[in-house]
Ligand SMILES: [Zn+2]
């Protein structure tokens, strides 16, 4: 009986193992393995979190120590790109070459502080100051212009020719003291922005006793004659009336600029108040 029972039991167990391979022991083993896995996964997760937090901490430390490092990602706070005028476009060589008679100088295209034309001469013309200097290419045409005016009984005197950077600085500062910066900027270029630094600009007067530059000069015989005839000698009225928005300066009937006869004649044919900026299609 016991033997049969034992046999039966073994047979049943064998069958059980065949049909139910997972015994209690196995279930327990699997449960233990599962728990292990869970523990392992939790450990890995915590490690990952610690790792991520350390990275974040290090990044925040870096930006705290280098606040400038954040800036490239933020929109530019510089007002030059948004609110003010766009940067000047590159000009052709005949407007930028320091030896060119059509060298352009205005509020957007200045000269360097150390620029001095290397071919300045003294033209010995009537002037209100001791020595007037201008670029050699403009000297002879200027003399011819003055002589032509004399033939019509118009006496022209030069009040300014070449003006150095340093002298212009003094002139500008004096003017600011006198009338304030806003008004000064309409009539007086800052140092480096004056055409007189090129040696190609001259200021005229018909009154040798005065250096005063007044708008009423445009109504004098001399002022009228200059406006009509200066181009024949290579000079242009540089800051005409009503062109303030183009030139950046108010009407200066005494200020003429040498550009050469070819250019001045071509400009005059387009209109007696034609500006360099219009002629060369220079947008500010
Ligand atoms: Zn001038």
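FYI, it's all coordinate maths here, none of it is from the lab. No experiment lies behind these values; they were computed from the predicted model shown. Heads up, the Cβs are rebuilt from the backbone with ideal geometry, glycines too, and the neighbour counts pull from every protein chain shown.
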Neighbour-count ranking [beta-carbon atoms within 10 angstrom, fewest first] of 109, 256: 109, 256
Cβ crowding within 10 Å averaged over residues, with 204-211, 247-254, 192-199 ranked highest first: 192-199, 247-254, 204-211
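What order, most packed first, do the peptides 95-103, 178-186, 223-231 have when packing is the mean number of other Cβ atoms within 10 Å of each residue? Before the final figure, lay out the partial values.
On the way: 95-103: 15.7, 178-186: 13.0, 223-231: 19.0.
By packing density, highest mean first, the sequence is 223-231, 95-103, 178-186.
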Most to least packed among 260-269, 135-144 [average Cβ atoms within 10 Å]: 135-144, 260-269
Residue list for the range 185-216, given a label point 7 angstrom along the Cα-to-Cβ vector of residue 176 and an amide N cut-off under 20 Å: 185-197
